[in-house]
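This report refers to the structure that appears directly beneath it.
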Amino acid sequence: MTDALWSEDRTTPEAIDRALRELVHRRHMEDGGFVPARTLNMVCFIDADYAGEVANRLRQVGRYEPSRLIILAYDHRRSSLQARVNVAAAHDPAPGELALLHESVQIRLGERHMDDLLTIVDPLVITDVPTLLWSPHGHREAIDALAPLAQSVLIDSAAEPIWREALDGACALAERLYVVDLAWVRPAPWRERIAAAFARPSRRAELGAIAAVTVRHHPDFCASALLLLGWLASRLQWRVEPLTTHGSAPSRLAGKARSRRQEVALAIEPDSREAAPGLAGVTLSTASGRSLSLDRGAGGLHAHERTREGEERRWIILGASRGEGGVLGQGIRQALLRDLTYRPALGRAREMIPA
Amino acid sequence: MSAAAGTAAEIAAENPLAAGLERLPLAPTALVIFGATGDLARRKLLPALYNLAHDGALPERFHLIGVARREKAHEHYRAECEEAIRAFSRRAPDPEVLSAFLKTAHYVPGTFDDKHVYSRLAELLGRYDEQAGEPLARAYYLSTAPSFFPVIVEALGAEGLAEQSEAPVRLVIEKPFGTSLAEARELNRRVLAVFSEEQVFRIDHYLGKETVQNMLAFRFANGMFEPLWNRNYIDYVQITAAEDIGIGSRAGYYDHAGALRDLIQNHILQLLCHVAMEPPVIFNAEQVRNEKVKVLRAIQVPTPEEVADISARGQYGAGHVGGEDVPGYREEEGVPEGSRTETFAALRLEVDNWRWAGVPFYLRAGKRLARKLTEIAVALKPVPHLAFSQEGSLGVRPNQLVMTVQPNEGVSLQLGAKIPGTRMSIRPVNMEFNYGTSFLSQSPEAYERLIGDILLGDPTLFTRDDEVEAQWAICDPVLSAWQQSQRAPSAYEAGSQGPADAERILLPGHSWRAI
């Protein structure tokens, strides 16, 4: 990693912008192989006390690093802007090759700057490059203030303590910006594997015969389980109704959906043994008596199929866990794509929230 | 059963759960690699398969069967697979995924003409079907010397392994697909006597490169280029595939092939098709390949008399590359004394159709050149009148659009710009776009993309039978004329721009770009 640094107390957006230009220019003069990445702006609004933790999370995204990262570290007492700019490349360019420069700006700001967030950040984002907002410590007011300069917002519905508020909040944001929800990104491999289980023409007919779905999850990730059921309901056109709590755990939920052919029993169960964030397992059963379970395990998802004749089969669906760093990286990447299946799934998930 | 898949939209229409997914569902598959212990399998195929497994991009049920001559236990084969993956994978393997992946691997020893190999294969594949409770899709990957292609294909047919009723069966053939038009036709005849064309996936790994695919996006997704993309505005097109390395340990193959067969007949003609083809109505395998075949058939096949004017060949001598002394081609290990194999080839072709008539396409490929570079340069015609000619504008050159495939994948446009100062002096400047600066993800390895497409059954990036034959039809007369010629290839120094003789095939006013 090679860096060029600049910092200033009592600074201004104009001075920060000038520093960015100068540092990029200086790196390019050092070696013409240094070229600035121009893919994505990412603006993070965080509590200053947790700046290190967020920086650590962002370091783990690997190749999905945003081109320009602007971290707004909020300390309500702060009266002036303090900024640090870093223009870094992962390595020096080899002869005849390029090395990408990534720019990061950390601005410490206070309560008095909150009304001016847009004018502080706007001069610092790269023009004509998409901008992603992220406020991992709440601060919805910052997202609202910065929304006019962004195209997408990164959230994690699973990180919110109250599902209804999390999913309602996601829905409201989706009216204004493209929402990348880590609670949706995290179980993407599960959606792919469930789709694959019904890929064969001979199996496709069974989609209409699904009679029961149980989703098991890490106790903190009920929102991901709800979104998975919401996805199935929206793709398969099930009518859903609020689930009810079931048993002692507040996130043990059960209920019904109605497909074209029959009723579908739905269940969401926390799995206290599951250490990995997200889903722990899914079981789908059909009216004909076939069932398929997918459970997190060593080397990938462990599949267990039971045919209507009672035969049992087990196999491993290969795949490495991406880890939370990988999930965040995928979330950043999703800001450049458009998944049109999230909003319908979110809508059905909200309909299933217990009354 | 049909081997082909539909488009993403068609798949999503049939399976509503597939809509919006980044990775489309793949049918459970058993992949059989013939030549499982060879260099290609070790360096490319096994690492690509592991990386697909790591990314969760293999089918939900997957079995790998390696077939090769030497007797060895499954465990021994798995250990070799592990060693290859650790040595050549683009990422450090995850121990749990690697372990689970290796458990999918089985080994069948035997020579490719041994009937027992195929009966054991049939038994093993049958066992996998039984375990799955349904027939698995099958893909046979021929990663062997080309002489074994028909042998394996016919043996598969004889054992009844070339088709099944409820799951697709696919055949993957590595290059070279023949060494002449006659051989390619004969190979097609023998392959297509056993498999149908839609089952056959002929690999040209250049087509798996992200930047090659991007050429179509660049041309057909940007309104500003297409109006200029014709004989009215384009002066000439130049396609270069230069390598700075020599032949290494490949003398046995290379001395029989040469630069024309090794690179121009396949990769460079495919690049030419991407530059010259008409926009397909729909981006699917049938339409894209139809358009490419139209281009190849529009290329004038040179007569024996024309070959000398439109072609040049060379052979590298000793020289200096990267500060090191390197031997000449004939001093390389395994090269026969007095070999006349060309290590550099250049052609001037014309695509005789409405869009391109009269526009020369210059193609060149070679080894031990100044540097590694693959690019397509489209030179536009000069402006009709230059008002600044009295103002010291000697630097003005016609615009060139250069698409670089490797290294530094990107597109650059050479424009004339005013030099700051009081005079209206112009010099060329580059407006550059590098793919690396504008996308978050790295390009997947070409083999990962291509194996993924084989498992999906999408043949868009593979070469069709008529395409291969059309490519050979262009190269055959050149190869024949060279073979009959008394002239040896022109010598060029290793690390240079290639033989000076290559200048001869350029039309007046045209020049080769510096490598």
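What follows is calculated from the coordinates using simple rules that are stated; it is not laboratory data. Keep in mind that what you see is a predicted model, and the values were worked out from it rather than measured. We place every Cβ from the backbone using ideal geometry, glycine too, and count neighbours over all the protein chains shown.
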Legend entry - Lys/Arg +1, Asp/Glu -1 at C-beta; the range A:4-150 dipole; positive extreme among A:135, A:42, A:60: A:60
Inset, instruction - Take the Cα of residue A:76, step 7 Å along the line toward its Cβ, and report every residue of the range A:103-145 whose backbone nitrogen sits under 14 Å from that point. - result: A:110-114, A:139-141
Inset, instruction - Please name whichever of B:18, B:326, B:30 sits farthest to the positive end of the charge dipole of chain B, dipole taken about the Cα centre and charges placed at Cβ: Lys and Arg +1, Asp and Glu -1. - result: B:326
Legend entry - J(HN,Hα) series, the range A:347-355, from Karplus relation 6.51 cos²θ - 1.76 cosθ + 1.60, nearest Hz, glycine and proline x: x, 5, 4, 5, 5, 8, 4, x, 5
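Under a point-charge model restricted to the Cβ atoms of Lys and Arg (+1) and Asp and Glu (-1), what is the dipole moment magnitude of chain B relative to its Cα centre, in debye to the nearest 20? Could you put the intermediate results ahead of the total?
Numbers: 52 positive and 67 negative charges, 261 e Å.
Dipole size: approximately 1260 debye.
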Inset, instruction - Report, in degrees rounded to the nearest 10, the 0 to 90 angle that the Cα long axis of helix A:13-30 makes with the longest principal axis of chain A. - result: 90 degrees
Legend entry - Acute angle (nearest 10 degrees) that the helix B:149-158 long axis makes with the longest principal axis of chain B, alpha-carbon atoms: 30 degrees
Legend entry - Karplus (6.51, -1.76, 1.60) ³J(HN,Hα), θ = phi - 60°, over the range A:80-92, in Hz, Gly and Pro reported as x: 10, 7, 10, 9, 10, 10, 9, 10, 10, 10, 5, 7, 6
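Using DSSP to define loop residues, name the GluC sites (Glu not before Pro) in the range B:262-367 whose beta-carbon has at most 13 other beta-carbon atoms within 10 Å. Write out the running numbers ahead of the final one.
Working: sites: B:286, B:291, B:305, B:306, B:324, B:331, B:332, B:333, B:337, B:342, B:350; in loops: B:332, B:333, B:337, B:342.
The qualifying sites are B:333, B:337.
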Inset, instruction - Compute the label zone of residue A:304 within the range A:200-222: residues whose backbone N is under 15 Å from the point 7 Å along Cα-to-Cβ. - result: A:214-217
Inset, instruction - Mind pulling the angle between the C-alpha long axis of helix B:74-88 and the longest principal axis of chain B? Nearest 10 degrees, somewhere in 0 to 90. - result: 20 degrees
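Could you calculate the contour length gain from residue A:59 to residue A:122, that is, 0.36 nm times the residue separation minus the distance between their Cα atoms, to one decimal place in nm? Intermediate values should be presented prior to the final figure.
On the way: separation 63, 0.36 × 63 = 22.68 nm, distance 2.42 nm.
The residue A:59-residue A:122 span can extend by a further 20.3 nm.
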Inset, instruction - Might you report the magnitude of the Cβ-based charge dipole of the range B:252-375 about its Cα centre, with Lys and Arg at +1 and Asp and Glu at -1, to the nearest 20 debye? - result: 360 debye
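Quick one: of the DSSP bridges fully inside the protein assembly as shown, what percent are antiparallel, nearest 5?
Numbers: 95 of 165 bridges.
So the antiparallel bridges amount to about 60 percent of the total.
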Legend entry - Sequence of A:171, A:44 once ranked by neighbouring C-beta atoms within 10 Å, starting from the fewest: A:171, A:44
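Over the protein assembly as shown, what per residue volume does the convex hull of the Cα atoms give, in whole Å³?
Working: hull volume 160.2 nm³, N = 870.
So the per-residue Cα hull volume is 184 Å³.
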Inset, instruction - Could you let me know the centre-to-centre spacing of the range B:66-134 and the range B:319-341, using Cα atoms, in angstrom? - result: 38 Å
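What relative contact order, as a whole-number percentage, does chain B give when Cα pairs under 8 Å and 6 or more residues apart are counted?
Numbers: 950 pairs, mean separation 91.7, N = 515.
Worked out over chain B, it gives 18 percent.
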Inset, instruction - May I ask you to derive the relative contact order of the range A:188-322, considering only C-alpha pairs under 8 Å and at least 6 residues apart, and to give it as an integer percent? - result: 23 percent
Inset, instruction - Quick one: check the C-alpha center-to-center distance for the range B:173-215 versus the range A:141-193, whole angstrom. - result: 46 Å
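For the range A:76-117, state which trypsin sites (Lys or Arg not before Pro) are in a DSSP loop and have at most 11 other beta carbons lying within 10 Å of their beta carbon.
On the way: sites: A:77, A:78, A:84, A:108, A:112; in loops: A:77, A:78.
For trypsin sites (Lys or Arg not before Pro) across the range A:76-117 that sit outside H, G, I, E and B with at most 11 neighbouring Cβ atoms in 10 Å, the list reads A:77.
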Legend entry - Centre separation in Å (Cα based) which lies between the range A:231-280 and the range B:353-429: 61 Å
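By counting other Cβ atoms within 10 Å of each Cβ, how are B:303, B:144 ranked from fewest to most?
On the way: B:303 10, B:144 23.
Arranged by neighbour count, lowest to highest, B:303, B:144 become B:303, B:144.
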Legend entry - Stokes-Einstein D (µm²/s) once Rh is taken as the Kirkwood radius of chain A over alpha-carbon pairs, at 25 °C in 0.890 mPa s: 111 µm²/s
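Can you sort B:106, B:385 by how many other beta carbons sit within 10 Å, fewest first? Provide the component values of the computation, followed by the final result.
Details: B:106 19, B:385 6.
Starting with the residue having the fewest Cβ neighbours, the order is B:385, B:106.
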Legend entry - For the range A:132-149, 3J(HN,Hα) per residue [Karplus equation, 6.51 cos²θ - 1.76 cosθ + 1.60, θ = phi - 60°, Hz, x = Gly/Pro]: 10, 9, 8, 10, x, 10, x, 6, 4, 4, 5, 4, 4, 5, 8, 3, x, 9
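What GluC sites (Glu not before Pro) in the range A:1-63 are in a loop by DSSP, with at most 12 other Cβ atoms within 10 Å of the Cβ?
On the way: sites: A:8, A:14, A:22, A:30, A:53; in loops: none.
In loop regions of the range A:1-63 (DSSP not H, G, I, E or B), there are no sparsely surrounded GluC sites (Glu not before Pro).
Taking only C-alpha pairs under 8 Å that are 6+ residues apart, what is the relative contact order of the range A:4-150 in percent?
Reported relative contact order: 32 percent.
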Inset, instruction - Assign unit charges at the C-beta atoms only (+1 for Lys and Arg, -1 for Asp and Glu), then state the dipole size of the protein assembly as shown relative to its Cα centre in Debye, rounded to the nearest 20. - result: 880 debye
